[in-house]
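Notes follow once the structure below has been shown.
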Amino acid sequence: MRRSDVRSQVELCLLQFDGKRYDIDAFVLMPNHVHALIKPALGYDLSTLLQRIKGVSANHCNKLLGCKSTFWMDESYDHIVRDVKELAAFRNYIAGNRTKAGLEPDEYSLQFQSILMP
(Lines give C-alpha, C1' and ligand atoms only; values in the text may rest on other atoms or scores of the structure.)
Protein backbone atom coordinates (compact mmCIF):
# COMPACT_ATOMS: atom_id res chain seq x y z
CA MET A 1 0.00 0.00 0.00
CA ARG A 2 2.91 2.29 -0.59
CA ARG A 3 1.17 3.63 -3.71
CA SER A 4 -1.51 6.24 -3.05
CA ASP A 5 -3.93 4.72 -5.59
CA VAL A 6 -3.69 1.34 -3.85
CA ARG A 7 -4.21 2.93 -0.43
CA SER A 8 -7.22 4.81 -1.77
CA GLN A 9 -8.72 1.59 -3.09
CA VAL A 10 -8.25 -0.17 0.27
CA GLU A 11 -9.82 2.80 2.07
CA LEU A 12 -12.82 2.78 -0.31
CA CYS A 13 -13.35 -0.94 0.26
CA LEU A 14 -13.00 -0.54 4.02
CA LEU A 15 -15.54 2.28 4.14
CA GLN A 16 -17.98 0.82 1.60
CA PHE A 17 -20.34 -0.71 4.17
CA ASP A 18 -19.46 1.48 7.16
CA GLY A 19 -22.71 2.38 8.91
CA LYS A 20 -24.53 -0.50 7.22
CA ARG A 21 -22.90 -3.87 7.88
CA TYR A 22 -20.45 -2.55 10.46
CA ASP A 23 -19.32 0.63 12.18
CA ILE A 24 -15.70 1.73 11.98
CA ASP A 25 -14.49 3.62 15.03
CA ALA A 26 -10.92 4.20 13.84
CA PHE A 27 -8.43 2.93 11.29
CA VAL A 28 -4.99 3.58 9.90
CA LEU A 29 -3.56 2.32 6.61
CA MET A 30 0.11 1.39 6.87
CA PRO A 31 2.50 0.42 4.05
CA ASN A 32 1.79 -3.30 4.48
CA HIS A 33 -1.16 -3.67 6.87
CA VAL A 34 -4.25 -2.01 8.33
CA HIS A 35 -5.32 -1.38 11.92
CA ALA A 36 -9.05 -0.91 12.42
CA LEU A 37 -11.61 -0.85 15.19
CA ILE A 38 -14.75 -2.38 13.67
CA LYS A 39 -18.07 -3.19 15.31
CA PRO A 40 -20.17 -5.62 13.24
CA ALA A 41 -23.86 -4.77 12.89
CA LEU A 42 -26.39 -7.24 14.26
CA GLY A 43 -26.50 -10.33 12.11
CA TYR A 44 -22.98 -9.91 10.72
CA ASP A 45 -19.89 -11.90 11.65
CA LEU A 46 -16.55 -10.08 11.95
CA SER A 47 -14.48 -12.78 10.27
CA THR A 48 -16.87 -12.91 7.30
CA LEU A 49 -16.85 -9.12 7.00
CA LEU A 50 -13.04 -9.02 7.05
CA GLN A 51 -12.88 -11.81 4.48
CA ARG A 52 -15.11 -9.82 2.14
CA ILE A 53 -13.26 -6.52 2.65
CA LYS A 54 -9.93 -8.26 2.05
CA GLY A 55 -11.22 -10.17 -1.00
CA VAL A 56 -12.73 -7.17 -2.77
CA SER A 57 -9.80 -4.88 -1.97
CA ALA A 58 -7.28 -7.52 -3.08
CA ASN A 59 -9.02 -7.87 -6.45
CA HIS A 60 -9.11 -4.10 -7.02
CA CYS A 61 -5.53 -3.56 -5.85
CA ASN A 62 -4.13 -6.44 -7.90
CA LYS A 63 -5.76 -4.89 -10.99
CA LEU A 64 -4.06 -1.58 -10.18
CA LEU A 65 -0.75 -3.36 -9.65
CA GLY A 66 -1.15 -5.54 -12.74
CA CYS A 67 -0.62 -8.80 -10.87
CA LYS A 68 -2.49 -11.76 -9.39
CA SER A 69 -0.48 -12.34 -6.25
CA THR A 70 -1.64 -12.72 -2.66
CA PHE A 71 -2.38 -9.24 -1.38
CA TRP A 72 -3.44 -9.96 2.23
CA MET A 73 -2.28 -12.55 4.73
CA ASP A 74 -4.96 -15.11 5.60
CA GLU A 75 -4.91 -14.32 9.29
CA SER A 76 -6.17 -11.31 11.21
CA TYR A 77 -5.66 -10.30 14.81
CA ASP A 78 -9.13 -10.00 16.31
CA HIS A 79 -9.71 -8.76 19.82
CA ILE A 80 -12.94 -7.98 21.66
CA VAL A 81 -12.86 -4.52 23.22
CA ARG A 82 -14.39 -5.01 26.63
CA ASP A 83 -14.39 -1.54 28.16
CA VAL A 84 -13.59 2.13 27.65
CA LYS A 85 -10.02 1.69 28.95
CA GLU A 86 -9.25 -0.97 26.31
CA LEU A 87 -10.91 1.12 23.61
CA ALA A 88 -8.73 4.10 24.55
CA ALA A 89 -5.62 1.90 24.42
CA PHE A 90 -6.47 0.62 20.94
CA ARG A 91 -7.29 4.13 19.71
CA ASN A 92 -3.96 5.38 21.05
CA TYR A 93 -2.14 2.50 19.38
CA ILE A 94 -3.81 3.25 16.04
CA ALA A 95 -3.13 6.97 16.33
CA GLY A 96 0.54 6.45 17.20
CA ASN A 97 1.29 3.64 14.77
CA ARG A 98 1.96 5.86 11.77
CA THR A 99 4.27 8.18 13.72
CA LYS A 100 6.08 5.27 15.35
CA ALA A 101 6.78 3.87 11.87
CA GLY A 102 8.24 7.23 10.77
CA LEU A 103 5.58 7.94 8.15
CA GLU A 104 4.56 11.45 7.18
CA PRO A 105 1.20 12.65 8.63
CA ASP A 106 -0.41 13.05 5.21
CA GLU A 107 1.17 9.93 3.71
CA TYR A 108 -1.16 7.26 5.09
CA SER A 109 -4.85 7.42 5.94
CA LEU A 110 -5.86 7.84 9.56
CA GLN A 111 -9.47 8.24 10.53
CA PHE A 112 -11.31 8.44 13.84
CA GLN A 113 -15.07 8.50 14.18
CA SER A 114 -15.41 7.56 17.87
CA ILE A 115 -18.76 5.85 17.44
CA LEU A 116 -18.23 2.80 19.65
CA MET A 117 -17.95 4.44 23.08
CA PRO A 118 -17.27 7.97 24.29
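At-a-glance table
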{"quantity": "In nm, spacing of pseudo-spin labels at Asn32 and Leu12 (7 Å Cα→C-beta vector)", "calculated": "2.6"}
{"quantity": "Extension gain, Ala95 back to Asp78 (0.36 nm per residue minus Cα-Cα distance, nm)", "calculated": "4.3 nm"}
{"quantity": "Mean ellipticity per residue at 222 nm, deg cm²/dmol - from DSSP H runs of n ≥ 4 across the chain, formula -39500 (n - 2.57)", "calculated": "-14000 deg cm²/dmol"}
{"quantity": "Solvent-accessible area, 1.4 Å probe, carbon plus sulfur percent, for the range 27-66", "calculated": "55"}
{"quantity": "Most fluctuating residue given options Ile94, Ile53, Ile80, as computed from a GNM of the chain linking Cα atoms under 10 Å", "calculated": "Ile80"}
{"quantity": "log10 of Debye I(q)/I(0), alpha-carbon scatterers only, for the range 35-81 at 0.18, 0.26, 0.30 Å⁻¹", "calculated": "-0.63, -1.01, -1.17"}
{"quantity": "Positive minus negative residues near Phe71 (Lys, Arg vs Asp, Glu; Cβ under 12 Å)", "calculated": "+2"}
{"quantity": "Per residue accessible area in Å² of the range 1-86, where ligands, DNA and RNA are left out and the probe is 1.4 Å", "calculated": "65"}
{"quantity": "Whole-angstrom Cα spans of the chain along principal axes, big to small", "calculated": "43, 37, 22"}
{"quantity": "Computed accessible area, Met73, all protein chains, 1.4 angstrom probe, square angstrom", "calculated": "130"}
{"quantity": "Per-pair calculated FRET efficiency, R0 = 22 Å: Asn59 and Arg3 via Cβ, rounded to 0.05", "calculated": "0.85"}
{"quantity": "Charged-residue dipole, Cβ positions (Lys, Arg, Asp, Glu), the chain about Cα centre, Debye nearest 20", "calculated": "220"}
{"quantity": "Largest to smallest accessible area among Tyr77, Tyr22 [probe 1.4 Å]", "calculated": "Tyr77, Tyr22"}
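The values are calculated or read from the model by the stated rules, or taken from the named source; none is laboratory data. The structure presented is a predicted model; accordingly, all values stated were derived computationally and were not measured. Backbone-built Cβ (ideal geometry, glycine too); neighbour counts: all protein chains shown. Just so you know, the surface numbers come from the protein's heavy atoms only, side chains and all, with ligands and any DNA or RNA stripped out. Shrake-Rupley method; radii C 1.70, N 1.55, O 1.52, S 1.80 Å.
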